[in-house]
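The values are calculated or read from the model by the stated rules, or taken from the named source; none is laboratory data. Please read these numbers as outputs of a predicted model, since none were measured by experiment. Here Cβ is always computed from backbone atoms with ideal geometry, including for glycine, and neighbour counts include all displayed protein chains. Remember, those area values only see protein heavy atoms, side chains included, never the ligands or the DNA or RNA. Shrake-Rupley method; radii C 1.70, N 1.55, O 1.52, S 1.80 Å.
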Amino acid sequence: MYARRRRGYFWMMGGCVALFVSAWAVVRLWSMPAAVAMCLVAMVIPPIAAVLANRRGPEDRWWDDPSGDPKSDEWWDELDGKNRH
């Protein structure tokens, strides 16, 4: 799962870099508005790539799942206020 998310992140970021480079190396010679539009699209890609790369998969362990160590789980539950009576 991690490798697939990492590969997707690098593909998206590679596309972002390709958009920036091609916009200012090639496209600006023919159309400045198209180059600016390409940069605006490229500007949106990094946050989307970060969100998609860091999303939790169905089999990923989440921060509040039990760790399997009863003493540690008891300590964290007490710290979070889950076992207050």
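Observations, loosely collected:
- By average C-beta atoms within 10 angstrom, highest first, the peptides 35-42, 67-74, 3-10: 35-42, 3-10, 67-74
- Modelled FRET efficiency - R0 25 Å, Lys82 with Arg55, Cβ distances, 0.05 increments: 0.45
- Taking region 1-56 and dividing mean pair separation by its residue count, relative contact order in percent (alpha carbons under 8 Å, at least six apart): 49 percent
- Ranked by how many other beta carbons lie within 10 Å on average, peptides 20-29, 47-56 from highest: 20-29, 47-56
- Full-extension gain in nm, Leu29 to Arg7, via 0.36 nm per residue minus C-alpha separation: 4.7 nm
- Carbon/sulfur fraction of accessible area - region 1-56, other protein chains in place, 1.4 Å, %: 74 percent
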